[in-house]
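Notes follow once the structure below has been shown.
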């Protein structure tokens with residue numbers, strides 16, 4: 001098996017979105033997520049010589065990021081010193097339905113499975129995006145995920161609108177192809 | 001995609017373009033009507049539309065997030081500064 005190479009120059013272009021998505025689904029705050037990703041890159045840079053090439057760069061970076069996320073939770077927890085206890089007594093006497101059932105059902109747990117699925121789907125999408133040519137991935141991301149207007153993207157990247165649509169078309173074709181294999 | 005089996009012609013290209021626009025709510029009503037008529041008799045484009053809709057839904061459902069360009073630029077700057085430091 002060929003050893004994996006490490007090349008920090010490409011890190012941000014290749015992995016920043018993937019790491020960011022990974023982080024934000026776990027800390028749900030854009031600024032914190034951004035800081036954590038940045039920290040991860042810097043930490044990776046420092047411990048580059050420990051990279052043995054057994055795993056891919058991305059796996060290696062994710063393992064650093066996981067530590068950073070745990071550290072982050074440790075830090076905010078030690079500030080407060082305790083976890084928040086959520087209790088939801090139903091004071092609304094008007095509410096109908098079963099008294100017990102209302103208290104047993106945990107409203108915070110309802111979407112746990114959904115959110116796991118969303119996280120995985122998000123990872124799958126980033127995975128497929130990283131297989132596209134960088135320009136296609138960039139334009140697709142700007143248009144679809146960040147929701148910029150066609151005009152804005154055209155101005156920013158100096159392309160014509162028809163050019164943009166051709167790129168979008170190619171990106172969508174290969175993306176649905178890629179997701180079909182792994183997801184749909 | 002299996003549309004290699006079908007003959008892609010100019011009207012298909014147009015239809016797919018409208019389909020792409022529809023995913024971003026940018027197609028006009030007339031364009032959408034023309035697209036649905038085209039889809040009645042064109043299997044290849046039906047398939048493309050089907051996949052395209054699925055993709056849009058997947059992206060929406062996943063609530064996938066990205067760094068915006070500016071954040072990425074600042075990140076790059078800081079990172080490369082650090083990289084330079086390390087190489088000297």
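The values are calculated or read from the model by the stated rules, or taken from the named source; none is laboratory data. Remember, it's a predicted structure, so these values are computed and weren't measured experimentally. Methodologically, a virtual Cβ is constructed for each residue, glycine included, from the backbone with ideal geometry; neighbour enumeration extends over all protein chains shown.
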Does residue B:47 qualify as being out of contact with any helix residue (DSSP H, G or I) (no Cβ under 8 Å at 6 or more places or on another chain), assigned to a helix (DSSP H, G or I) and within 14 Å of chain A (Cβ to nearest Cβ)?
no
For segment B:10-25, enumerate the residues that are in a helix (DSSP H, G or I) and within 12 Å of chain A (Cβ to nearest Cβ).
B:12, B:13, B:14, B:15, B:16, B:17, B:18, B:19, B:20, B:21, B:22, B:23
Examine segment B:26-42 for a residue that is at pLDDT below 90 and within 11 Å of another protein chain (Cβ to nearest Cβ), and state whether such a residue exists.
yes
Screening A:127, A:163 for residues that are part of a helix (DSSP H, G or I), more than 7 Å from chain B (Cβ to nearest Cβ) and in contact (Cβ under 8 Å) with a residue 12 or more places away in the chain leaves only A:127
From the list A:181, A:177, which one is surrounded by fewer than 16 Cβ atoms within 10 Å (Cβ to Cβ), at the interface with chain B (Cβ under 7 Å from one of its Cβ atoms) and closer than 22 Å to residue A:21 by Cβ?
A:177
Mind checking whether some residue in segment A:151-160 is within 12 Å of another protein chain (Cβ to nearest Cβ), farther than 30 Å from residue A:59 by Cα, assigned to a helix (DSSP H, G or I) and within 23 Å of the chain's Cα centre (by Cα)?
yes
